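Everything below concerns the one structure shown next.
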Amino acid sequence: MIHQFDAVIVGAGGAGLRAALEIPEGYTCAVLTKVYPTRSHTGTAQGGVCAALGNEEEDSWEYHFFDTVKGSDFLGDQDAIEIMCYDAIRAIIELEHMGMPFSRNEKGLIAQRPFGGHTKPKDPNNPFGERVPVKRACFSADRTGHVMIQTLYENCIKRGVKFFPEFFVTDLIVQDNVVRGVVAIEIATGEIHIFHAKTVMFATGGYGRVYRITSNAVVGTGDGFAIVYRRGIPLEDMEFVQFHPTGLWRLGILVSEAARGEGGVLKNKFGERFMEKYAPTIKDLAPRDVISRAMYTEIREGRGIQGPDGTYYLLLDLTHLGAEIINKKLPEITGFARIYLGVDPLREPIPVQPTTHYAMGGIPTNVDAEVVIDDKGTKIEGFYAAGEVACVSVHGANRLGTNSLLDIIVFGRRGGKKMAEYVKEHDFPPLPKDADEWTRRTVERILNSNGKERVSRIRKELQEIMMDNVSVFRTGEGIKKAIEKIKELKERYLEIKIDDKGKKFNTDLIEAIELGNLLDTAESIAYSALNRTESRGAHYREDYPKRDDQNWLKHTLIYKNGDKEPIIKYKPVVITKIQPMERKY
Amino acid sequence: MKVTLRIFRFNPETDSKPYYKDYEIEADPKDRVIDVLHYIKNEIDGTLTFRRSCLHGICGSDGMRINGKNMLACSILLQDLGYSDANKTYKKPLVIEPLPGMPIIKDLVTDFTDFWKKYETVKPYLITKSQPPERERLQSPEDAELIMEASKCILCACCTTSCPSTWSNEDYLGPAALLKAYRFIFDSRDEATDERLDIIDTPNGIWRCHTIFHCVQACPKEINITWHISQLKKKLVEREI
Amino acid sequence: MSFKHYGSRKSGSIGWLLQRITGIFLIFAMVGHYILMHYTPETGHSYEQSVARFSSVYWKMFYLTFISLGLWHGLNGVWSILRDFKMKPWLAITLYGIIVISGFAFWVLGVSTALKF
Amino acid sequence: MKVEKTHEGYFKLVASYRKETGGWAWIIHRISGLALTAYLYVHIYALSNLTKGKEAFDAEMALFQKPLFKFLEWLLFAFVLAHTLNGIRIVLVDFGRGSYYQKKAFAYLMIIGVIAFLVMGYFIFSHEISQIFAGLI
């Protein structure tokens, strides 16, 4: 079946929904999502969304800007970061006007709390002097993302946006650098649909499921990354994978940074508050890469606690906070600890370990969410990307907590506005013949394949090898091992066999296609990581433990090259106001 | 420990009638029900179909009926269902069925079309008539607290499908939609209270609630939905008098 | 955009409230009734005493209220149970008719008994 | 999109869904309510015999003094108690914060109910009970 829409948005998370709100009346817009809109992963964000509102104490967007640049280990593009931090205040007020139920302070203003890496100078007259944590994260208890996605979805209903829930997008139709639509499988019927469009936005979220321990949803299989990568569009900075320090032990379920923002502390086997060693000034509120590394170091040096299954964890201690704060401001994570680990945070510390959390890299875009495929700014006409799948890059080598929710509402909106302009000025580009050929072939191949490999087995092996070799600490040797394994798995992937051969709601088939996406995404991560021979932000190479601004102050662009080794090119980092300096907390 | 899962199966392409299939598996008391389902799908029978996404009870995808009661498969451990002895073989099967009273698409997957229509009926968005201020609208912490619990709802449909009033009349708005109505009626910033009260004050609306508390027991986010609905009823009565 | 709701608005709040108010009244009335009937069975059940009670204006008023509210509470309850089910209009009207007519008939019977004395 | 409906029936669902306090209270309330309404009709009809004179009324009253009717009356009281006490719970839920303590409220009210039921049993059968004791002595 062929549909025609002026704008097609793939993914109904925060970025997709925010963009959909910008498509003007009179133009058709379809939002495709492989789950129901409110099920998207934005909803799991807990802690907050940052904006220098200054509701609790003196603050300025310029401090926010500085923190984000420093947090990114100076790899973030400063023009984009400036736009985001400046626009944050307007964006939050706008969300409030849309009806988002924020927590409030005594004055009736939006309440704010401290968050990892967000600071202000102790002495305002000395902006580059010593910095102290600042209350900057606007929140709604510990379900900020949940109320945000609900609010955005509510407003989409108000606007009458057309949704296609449970449509799994498999391919992007692009020819001569002009985007023409997408191909999707309607999960309920198994039918293949072509969406012919003037503009397409990818807001498909992250790829956490490449790793074994992850806070990401099962649907976070990197579909958007893999689709564009296969279509010859590069991916930027894929080596930077954020590990959140506090995932529930074994499960990886996120315990928000807000827990530390409210005063929680990390402790090792001996009950020491070990972050005092690694980040003497802001301690447990250091950025995520710093804490994750510190935790791994503690475990390696024998100060972790061994669980019955042989894996190690550390402790997040909230017991000193008191019932009032825990129940009022952190109810959600209290529930998680109780349900999943049988631990009552009021009385005992929570066992935690670092968990795969966020993709800093992604589809390269400019500050208007337009996809640019090289260092000269060549665009793919009509193609946009926003949210986790995009790399603007505002997060550089490491994202600060709360900046992801900010990213989606700021750049989702900017992308939406550009799309609105684009649909007014352009006509439908002709649809190439057999646009759905790749999808049809893939589906047929998987359904008819009668090999002996199980999808789940390959997926598990991929997740293991990535977790072991391409996570917090990396070595060239380890990454090479992972690459070899990925090659092997890709070959075995051609020999799979699925049990469900039907058409209707065939999740077996969907999972098989997703596995293909995981493999392609993993490949781009591993090659990018192998290539960058320095340590920066979340990318830590034990064989190259120093940051190397001389050679590596640049973005990686990785291009697929058939079955051969991918091609790697570079793009300069935009530096406007702040020159790279040593990053310590 | 050994547990038998008795799972509701129905494939519209091959089965004329739904049936139950037993799977005997090795599990740990600390496993979630969703882990066990994943194990079956991954290792034993790939045709088993169910929805899931975030796996920690915030996306609301995997609502199903487990041992006779609606809950999220990702938010319940086997040990909380009485399977707590790691060395035992349990005879009593763990019965897993789709949400009751909904059309069934396949296995544990149900059709949510009506559920979303009901949700949309109560106008689930802030309506304001006055010009918004330059900064945020002010709201006291007490007023914010009033809608905090209601805004926890994850729209998993566990409540609505557990309500006997929905079973007898599938057009009843149901707890989820009424809770959403509460969320906006009691939002100090909303300016369409009257319009909203009219929507729920119908024979298929709030008056089909008989405080049976099935919704409260089913809610995975522990929202006291009945309390919120009783506030709405009082508001409606106040308006009439 | 309303979802298949039938009937008019304002279709329940007063009935809902009255059901509760009559319920509360009936609790007290029932306690009195039971004390009379069982705590003092000798006087409560005799013909003379019953006739004497019915002859008193206050008792008459009490019984009339009791019968009226009791019937209303009971039949409104029955109707609200029936309304839980999706009914074709003709069935709804028929059942409603039966309830109203039989309720009225028994009300007349009860009232006439009380008013005889 | 065609979806197959495989509904369980209403009564089957009510019977099979795992019920806690609220569900049971609701079922008890409905059944006792229906029974009491039916009884009200019977009661009004029986009372109308007052108009037929002393003989007819006394004959009827004598009938009600038979043990079987006494037992039925006792049973009726159980229905009255269940409906009345649960009615109190419903009013607490509707007008107070009863939603938060409805399970406890139900438990306490039902304990009161059982005690009241036994006490009433003593009153109804006091004549028979004293006879039994008289026989023993």
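The values are calculated or read from the model by the stated rules, or taken from the named source; none is laboratory data. None of these values were measured; they are calculated from a predicted model. No Cβ is skipped: glycine too gets one built from the backbone with ideal geometry, and neighbour counts run over all protein chains shown.
Structural remarks
- Some residue of the stretch A:106-121 being touching a Ser or Thr at 6+ places or on another chain (Cβ under 7 Å) and surrounded by 20 or more Cβ atoms within 10 Å (Cβ to Cβ): yes
- For the stretch D:83-99, the tally of residues that are under 16 Å from B:Ile212 (Cβ atoms) and either within 11 Å of chain B (Cβ to nearest Cβ) or charged (D, E, K, R) (or both) stands at 9.
- Test: residue in the stretch A:144-157 that is surrounded by fewer than 24 Cβ atoms within 10 Å (Cβ to Cβ) and without any contact (Cβ under 8 Å) to a residue 24 or more places away in the chain: yes
- Given (1) farther than 27 Å from B:Gly57 by Cα; (2) in a loop (DSSP other than H, G, I, E, B), index of the condition A:Ala141 fails: (1)
One line per residue, one yes/no per condition, for (1) surrounded by fewer than 24 Cβ atoms within 10 Å (Cβ to Cβ); (2) of a type in the set (Phe, Trp, Tyr); (3) in the same structural domain as B:Pro103 (by TED's automatic domain parsing); (4) at pLDDT 95 or above:
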site: B:Ser168; (1), (2), (3), (4): yes, no, no, no
site: B:Pro175; (1), (2), (3), (4): no, no, no, yes
site: B:Ala192; (1), (2), (3), (4): yes, no, no, no
site: B:Ile200; (1), (2), (3), (4): no, no, no, no
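- Qualifying positions in the stretch B:83-103 - away from chain D (no Cβ under 12 Å) and in a strand (DSSP E or B): B:Thr89, B:Leu94, B:Ile96
- Selection status of B:Thr89, in contact (Cβ under 8 Å) with a residue 40 or more places away in the chain, closer than 24 Å to A:Ala111 by Cβ and surrounded by fewer than 17 Cβ atoms within 10 Å (Cβ to Cβ): no
- Residue in the stretch B:94-104 that is within 27 Å of A:Phe336 (Cα to Cα), surrounded by fewer than 21 Cβ atoms within 10 Å (Cβ to Cβ) and out of contact with any helix residue (DSSP H, G or I) (no Cβ under 8 Å at 6 or more places or on another chain) present: yes
- Any hit, the stretch A:535-544, residues being in a loop (DSSP other than H, G, I, E, B) and surrounded by fewer than 21 Cβ atoms within 10 Å (Cβ to Cβ): yes
- Residues that are within 25 Å of A:Lys503 (Cβ to Cβ) and more than 10 Å from every other protein chain (Cβ to nearest Cβ), drawn from the stretch B:13-55: B:Tyr19, B:Tyr20, B:Lys21, B:Tyr23, B:Leu37, B:Ile40
- Residue that is aromatic (Phe, Trp, Tyr), part of a strand (DSSP E or B) and closer than 19 Å to A:Gly261 by Cα, where the choices are A:Phe195, A:Phe168, A:Phe115, A:Phe163: A:Phe115
- Residue in the stretch D:3-10 that is within 10 Å of another protein chain (Cβ to nearest Cβ), loosely packed, with under 13 Cβ neighbours inside 10 Å, at pLDDT below 85 and not in a helix (DSSP H, G or I) present: yes
- The lone criterion from (1) more than 11 Å from chain D (Cβ to nearest Cβ); (2) part of a helix (DSSP H, G or I) left unmet by C:Met87 is number (2).
- Matching entry among A:Glu488, A:Glu495, A:Glu542, A:Glu514 (being out of contact with any strand residue (DSSP E or B) (no Cβ under 7 Å at 6 or more places or on another chain) and away from chain B (no Cβ under 14 Å)): A:Glu488
- Verdict on A:Lys198 being touching a residue at least 24 places away in the same chain (Cβ under 8 Å) and farther than 20 Å from A:Asp434 by Cβ: yes
- Restricted to strands (runs of 3 or more DSSP E) entirely inside the stretch B:1-82, those with at least 2 residues that are within 23 Å of B:Asp111 (Cα to Cα) and among the aromatic types (Phe, Trp, Tyr) are B:19-26.
- All helices (runs of 4 or more DSSP H) inside the stretch B:143-241 with 2 or more residues being more than 12 Å from chain D (Cβ to nearest Cβ) and touching a residue at least 12 places away in the same chain (Cβ under 8 Å): B:174-185, B:193-200, B:225-240
Matching residues to (1) touching a Gly at 6+ places or on another chain (Cβ under 8 Å); (2) crowded, with 24+ Cβ neighbours inside 10 Å:
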site: A:Leu53; (1), (2): no, no
site: A:Leu95; (1), (2): no, yes
site: A:Arg136; (1), (2): no, yes
site: A:Asp142; (1), (2): yes, yes
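- The listed residue being assigned to a helix (DSSP H, G or I), acidic (Asp, Glu), in contact (Cβ under 8 Å) with a residue 12 or more places away in the chain and surrounded by fewer than 23 Cβ atoms within 10 Å (Cβ to Cβ), out of A:Glu511, A:Glu523: A:Glu511
- Residue match in the stretch A:81-103 (condition: out of contact with any Cys (no Cβ under 8 Å at 6 or more places or on another chain), part of a loop (DSSP other than H, G, I, E, B) and more than 14 Å from every other protein chain (Cβ to nearest Cβ)): no
- Selection status of C:Val51, facing chain D (nearest Cβ under 8 Å) and either more than 26 Å from D:Met120 (Cα to Cα) or modelled with pLDDT under 90 (or both): yes
- Inclusion of D:Arg18 among residues that are within 14 Å of chain B (Cβ to nearest Cβ) and under 22 Å from C:Gly77 (Cα atoms) is not warranted.
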